[in-house]
Amino acid sequence: MKFFIINSFRSLVYIAYFAVIVVFALGTYIERKQVNQTFYELFGRRLTEAGEGLVAFASGLAVGWFVATILCGLIVTLLDIRDDINDRLPDARDH
């Protein structure tokens with residue numbers, strides 16, 4: 001049973017990893033006008049419509065990858081700490 005629970009948590013983290021990336025990519029694509037405005041403020045040039053979508057989607061993928069890595073890494077770390085504590089708990093009760 002413990003094997004199934006640990007692997008189901010791991011599967012949820014894998015799904016969450018890609019879901020976070022997709023949400024960020026689609027979110028920046030939807031807000032591509034704002035991305036174009038930010039690009040204009042940084043570089044002083046406006047993007048074409050195709051370039052606007054491409055830059056928005058690529059920046060969403062990059063930011064989504066970074067956020068997903070941090071978020072899912074924290075989840076896995078906390079689950080591992082919890083699992084280690086649960087493994088050592090019976091030893092502590094014996095003393």
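The values are calculated or read from the model by the stated rules, or taken from the named source; none is laboratory data. These figures come from a predicted structure and were not determined experimentally. Note: ideal-geometry Cβ built from the backbone for every residue, glycine included; neighbour counts use all protein chains shown. Accessible surface is based on the protein model in full, side chains and every heavy atom, while ligands, DNA and RNA are left aside. Shrake-Rupley method; radii C 1.70, N 1.55, O 1.52, S 1.80 Å.
Structure summary
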item	result
Candidates GLY27, GLY60, GLY44: whichever shows maximal mean-square fluctuation once the chain is modelled as a Gaussian network with Cα springs under 10 Å	GLY44
Ellipsoid equivalent to region 1-63 - semi-axes via the Cα gyration tensor, in Å	37, 9, 7
Mean accessible surface per residue for the chain, computed with a 1.4 Å probe while every protein chain stays in place, in Å²	79
Between 0 and 90°, nearest 10: helix 2-30 axis offset from the chain longest Cα axis	10
Candidates TYR29, TYR14, TYR40, ranked by Gaussian network fluctuation over the chain, Cα under 10 Å, top entry	TYR40
Fraction of accessible area attributable to carbon and sulfur, the chain (%, probe 1.4 Å)	70
Computed helical MRE - 222 nm, the chain, DSSP H runs ≥ 4 contributing -39500 (n - 2.57), nearest 500	-33000 deg cm²/dmol
With Cα atoms, 0 to 90° folded angle of helix 32-43 axis to the chain main axis	70
Amide N of region 75-89 lying under 15 Å from the label point, which is placed 7 angstrom from the Cα of ARG10 along Cα→Cβ	76-77, 79-81, 83-84
